[in-house]
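First up is the structure itself, then whatever we jot down about it.
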Amino acid sequence: MQYNLNIKLNTDFFDWYAADWKKAVLSQLEANKEALELMLQGYHTKEKLRQVSFITDSLKLEEAGKGNLIAEYQLEEYNICSAIDRSDMDRMTLTFIIDKITLTMKVSGIYIPEREPDSF
């Protein structure tokens, strides 16, 4: 299981990217933070995800148009039946691939292999 988000880029993005790639990537992620929260929520079915932020020092470019960074967020769980009320911070490494042809930036969360059913 791996969740992805495709962010549509405008043509000005590549001018910003050429001048300051870090600022260009971060601005696109910030502008699409609500959609990224929904993507990350898929990994946490029992908790509510809030307050996504990006650790700017973790932003790395592996090759042209491909890189990663760490997203930090708060997880809240509230269950009155089980008397659970907690709030924790969590992190996930996000990868991104910028496609100049389709003018998109694909952002992906971690890959979690799905388990095969247990045999008896």
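The values are calculated or read from the model by the stated rules, or taken from the named source; none is laboratory data. Since this is a predicted model, take the numbers as computed values, not measurements. Quick reminder, even Gly has a Cβ in these numbers, built from the backbone with ideal geometry, and neighbours come from all protein chains shown.
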- Note on the structure: Residues of segment 61-120 being closer than 30 Å to LYS22 by Cα, more than 18 Å from the chain's Cα centre (by Cα) and either part of a loop (DSSP other than H, G, I, E, B) or at pLDDT 90 or above (or both), in sequence order, are ALA64, LYS100, ILE101, THR102, LEU103
- Condition check for ILE98: touching a Gly at 6+ places or on another chain (Cβ under 6 Å) and of a type in the set (A, V, I, L, M): yes
- Message: Every residue in segment 30-59 that is closer than 23 Å to ASN6 by Cβ and of a type in the set (D, E, K, R), please.
- Response: GLU30, LYS33, GLU34, GLU37
- Any residue in segment 37-56 that is within 11 Å of the chain's Cα centre (by Cα), surrounded by 12 or more Cβ atoms within 10 Å (Cβ to Cβ), modelled with pLDDT of 95 or more and of a type in the set (Phe, Trp, Tyr)? yes
- Task: Select from segment 15-32 the residues that are surrounded by 15 or more Cβ atoms within 10 Å (Cβ to Cβ) and either over 10 Å from the mean Cα position of the chain (by Cα) or over 19 Å from GLU63 (Cα atoms) (or both) and list them in ascending order.
- Result: TRP16, TYR17, TRP21, ALA24, VAL25, LEU26, GLN28, ASN32
- Message: Being in contact with a Ser or Thr (Cβ under 7 Å, 6 or more places away or on another chain) and hydroxyl-bearing (Ser, Thr, Tyr) is the requirement here; does THR45 meet it?
- Response: no
- Please verify whether segment 34-50 includes one or more residues that are outside any strand (DSSP E or B), polar (S, T, N, Q) and touching a strand residue (DSSP E or B) at 6+ places or on another chain (Cβ under 7 Å). yes
- Filter segment 1-19 for residues that are part of a strand (DSSP E or B) and either small (Gly, Ala, Ser) or touching a Lys or Arg at 6+ places or on another chain (Cβ under 9 Å) (or both) and give the result. ASN4, LEU5, ASN6, ILE7
